[in-house]
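Structure first, then comments.
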Amino acid sequence: MELEKTIEFLHRVPLFNGLAYEHLSLLAFSSERLLFHRGEALAKIGQSGNAAYLILNGSADVMDSQTSGQKQLTLEKGSLVGELAMLIDYHFSHTIIANDEVEVLQLSRETVQSLMEQFPNIAEHFSDKIHQRLSHMSGNQIKAV
């Protein structure tokens, strides 16, 4: 049953929405669950990342990347943290701190790249999703001018 819940969480994330059930199952099965305690950092500014974290339970605060260290926003259950880290070399731009016990699904770059090599349509899916997002962002910037 836990695997089914994890697959449902993945399906709700825009980046994964539209992937075949079998691919979501492989991703869920191949990924590791981690637990962060209150006050622990899921990620620290400047830290090299090799995985994204899908928050399954709990919440975490995104801290201001400037010296003030003030909370910018709270990430809730279902949020994906550091999605670029599972695809490319990446350094976190913010510190993310657990508010309470936070259970995450760690989606490692190694796992995701292995799945993309085995199933090229997963790579095509990610490419399409990123392209759509960039097109949407550039369209919004044009409208704002």
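For the range 14-34, a residue qualifies if it is in contact with a helix residue (DSSP H, G or I) (Cβ under 7 Å, 6 or more places away or on another chain) and either without any contact (Cβ under 8 Å) to a residue 12 or more places away in the chain or farther than 23 Å from Ser127 by Cβ (or both), and the qualifying residues are Phe16, Asn17, Phe29. Residues considered: His11, His37. Of these, the only one that is surrounded by fewer than 19 Cβ atoms within 10 Å (Cβ to Cβ) and either closer than 21 Å to Ser127 by Cα or within 14 Å of the chain's Cα centre (by Cα) (or both) is His11. Scanning the range 40-53 for residues that are within 13 Å of the chain's Cα centre (by Cα) and part of a strand (DSSP E or B) yields Leu42, Ala43, Gly49, Ala51, Ala52, Tyr53.
Scanning the range 9-35 for residues that are out of contact with any Leu (no Cβ under 9 Å at 6 or more places or on another chain), in a helix (DSSP H, G or I) and either within 23 Å of Ala60 (Cβ to Cβ) or of a type in the set (Lys, Arg) (or both) yields one hit, Arg12. All of (1) crowded, with 20+ Cβ neighbours inside 10 Å; (2) closer than 21 Å to Gln113 by Cα hold for Leu42 with one exception: (2). Hey, could you check the range 105-120 for residues that are in contact (Cβ under 8 Å) with a residue 60 or more places away in the chain and not hydroxyl-bearing (Ser, Thr, Tyr) and say which is farthest from Asn17 (Cα to Cα)? Per the stated criteria, the residue is Glu110. What are the residues in the range 88-145 that are modelled with pLDDT of 90 or more, closer than 24 Å to Leu34 by Cα and of a type in the set (Gly, Ala, Ser), if any? Answer for the range 88-145, where residues must be modelled with pLDDT of 90 or more, closer than 24 Å to Leu34 by Cα and of a type in the set (Gly, Ala, Ser): Ala98, Ser108, Ser114. Can you spot a residue in the range 56-71 that is crowded, with 20+ Cβ neighbours inside 10 Å, modelled with pLDDT of 95 or more and assigned to a strand (DSSP E or B)? So far as the range 56-71 goes, yes, one or more of its residues are crowded, with 20+ Cβ neighbours inside 10 Å, modelled with pLDDT of 95 or more and assigned to a strand (DSSP E or B). The set of residues from the range 88-134 being within 25 Å of Glu2 (Cα to Cα), touching a helix residue (DSSP H, G or I) at 6+ places or on another chain (Cβ under 7 Å) and in a helix (DSSP H, G or I) comprises Arg109, Thr111, Val112, Leu115, Met116, Ile122.
The values are calculated or read from the model by the stated rules, or taken from the named source; none is laboratory data. The structure presented is a predicted model; accordingly, all values stated were derived computationally and were not measured. Don't worry about glycine lacking a Cβ; one is built from the backbone with ideal geometry, like all the others, and counts go over all protein chains shown.
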